[in-house]
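The values are calculated or read from the model by the stated rules, or taken from the named source; none is laboratory data. None of these values were measured; they are calculated from a predicted model. Cβ atoms come from the backbone with ideal geometry, glycine included; neighbour counts cover every protein chain shown. Calculation scope for accessible area: heavy atoms of the full protein, side chains included, ligands and nucleic acids excluded. Shrake-Rupley method; radii C 1.70, N 1.55, O 1.52, S 1.80 Å.
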Amino acid sequence: MTALLSAKGLSRSFGGVHAVRDMGVEVREGSITGLIGPNGAGKSTLFNLLSGVIRPQSGTVVYNGEDITTLAPFRRARRGMIRTFQLSREFGRLTVLENLMLSPQMQLGERLWPLFSRPSAVARGDAAVYGRAEEVMEIAALTPLRDAYAADLSGGQKKLLELARTLMIDCDLILLDEPGAGVNPALMGTLTEMIHRLNADHGKTFLIVEHDMDLIGRLCNPVIVMTEGTFLTQGVFDTIRDDPRVIEAYLGGMVDV
Ligand SMILES: Nc1ncnc2c1ncn2[C@@H]1O[C@H](COP(=O)(O)OP(=O)(O)OP(=O)(O)O)[C@@H](O)[C@H]1O
Ligand SMILES: [Mg+2]
């Protein structure tokens, strides 16, 4: 197995809270790897450590064979690793198209000074970025909403936009933090299909945090379980679902595994 992303011994506490402790994770190239665990298990903190939003107090992150533990998020993005956030981060007063055209500059750490008027790619009439945005809108079923303000989108449409933004630059690994949160059942089908196609047809590797066990069961292999900041077990979904330790971890939580 080739690990595209591999982390070992990651720890990070906030005050007295050990949000992540001695956590290891491997994401195989070409996989859709799931990451589940009860609320507060440390999943989003792990994403922050993997994507460079925060630094670990110990441990290493290796991507494509290179140690990236201390690299800034935009440098990781340049190497092909992109993430979304649990709460969507769209620009409400820009349209869907403009949000997409702005995305490469944001992800790659370019200067954003024209942001307060219009994204500079838009202002420049950047044809390549525009063409890509059109393709991405097709993939994400957002074409009919291209001129809608992001603030006016439904919660589910915002999640689609969040995923679509990651596609605006060339990347190999996409980390999704709860892509299904707040998405209605119809859009959930679109989202699941989109992730599947990006993996099967476009070769994207995914690491997905999600509480929706239907999405996890349909898409993810393997599924990693985290609890109390650290690794519990991993395996195929059907085995994980019946594992007494996993059920125990969720007891007192809210999800029927
Ligand atoms: N910046 C922070 N400051 C203080 N405590 C934090 C911070 N970030 C996370 N924590 C704490 O770390 C623990 C893990 O939080 P985290 O958000 O990683 O959990 P999660 O698994 O993503 O949960 P959920 O499923 O609810 O999104 C929690 O106890 C949380 O309160
Ligand atoms: Mg979280």
Exercise. Out of A150, A128, A72, any idea which swings most in a Gaussian network model of the chain, alpha carbons joined below 10 Å?
Worked result: A128
Problem set entry | For the range 118-257, alpha-carbon Rg and Dmax in angstrom | 17.5, 57
Seminar exercise, completed: Percent relative contact order for the range 1-111, counting Cα pairs under 8 Å at least six residues apart, stands at 24 percent
Exercise. Given the Cα-Cα distance of A186 and T2 and 0.36 nm per residue of separation, how much length would full extension add, in nm?
Worked result: 62.7 nm
Problem set entry | Accessible area of the range 3-250 belonging to carbon and sulfur atoms, whole % at 1.4 Å probe | 50 percent
Exercise. DSSP beta bridges in the chain, what fraction antiparallel, as a percent rounded to 5?
Worked result: 60 percent
Problem set entry | Net length gained if the chain between E138 and V53 were fully extended (0.36 nm per residue, minus Cα distance) | 27.6 nm
Problem set entry | Relative contact order of the chain, pairs being alpha-carbon contacts under 8 Å that are 6 or more residues apart, as % | 26 percent
Problem set entry | Point-to-point label distance, H202-T233, nm (Cα→Cβ direction, 7 Å offset) | 3.5 nm
Exercise. Plugging the Kirkwood radius over Cα pairs into Stokes-Einstein for the range 3-250, at a temperature of 20 °C and a viscosity of 1.002 mPa s, what D comes out in µm²/s?
Worked result: 116 µm²/s
